[in-house]
1. Keeping to the stretch 69-102, report how many residues are among the small types (Gly, Ala, Ser) and surrounded by fewer than 11 Cβ atoms within 10 Å (Cβ to Cβ).
2. Would you point out the residue of the stretch 8-37, among those that are more than 8 Å from ligand 1 (Cβ to nearest atom) and of a type in the set (S, T, N, Q), that is most open to solvent (accessible area, probe 1.4 Å)?
3. When only residues in the stretch 38-65 that are away from ligand 2 (no atom under 16 Å from the Cβ) and surrounded by 13 or more Cβ atoms within 10 Å (Cβ to Cβ) count, which is nearest to residue 11 (Cα to Cα)?
Amino acid sequence: MLELRPTCEHCNKPLPPDSLEARICTYECTFCAACVDTVLANVCPNCGGGFVARPVIPSKNWKGDNYLGKDPASTTVRHRPVDPAAHARFAAGISSIPPAKR
Ligand SMILES: [Zn+2]
Ligand SMILES: [Zn+2]
């Protein structure tokens, strides 16, 4: 299952497992929606890929122990803020390419 990281990697805003603001890339790099839109231009600073909304893990044991109580969220904070100017240079050649074509 996905690693549910606890905060935005850029601004460190809390992103609990039920957050609707969490965005992830294929490598599970995790940011808040505001940072993805305003700072990152939908370009992951670590891999260059795009972001999607992180699914919310079921809080109840609906079936087969596949739920938050069995698979708790990560508590390891990865606060690695990007330099906005450096990221803008990195993203300049990427952000205009649809994520599916990168
Ligand atoms: Zn953020
Ligand atoms: Zn990434």
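The values are calculated or read from the model by the stated rules, or taken from the named source; none is laboratory data. Because the structure is predicted, anything quoted here is derived from the model rather than measured. Quick reminder, even Gly has a Cβ in these numbers, built from the backbone with ideal geometry, and neighbours come from all protein chains shown. These accessible areas exclude ligands, DNA and RNA; they are computed on the full protein's heavy atoms, side chains included. Shrake-Rupley method; radii C 1.70, N 1.55, O 1.52, S 1.80 Å.
1. 5
2. In this case the residue turns out to be 26.
3. Step by step, filter the stretch 38-65, then rank; the result is 56.
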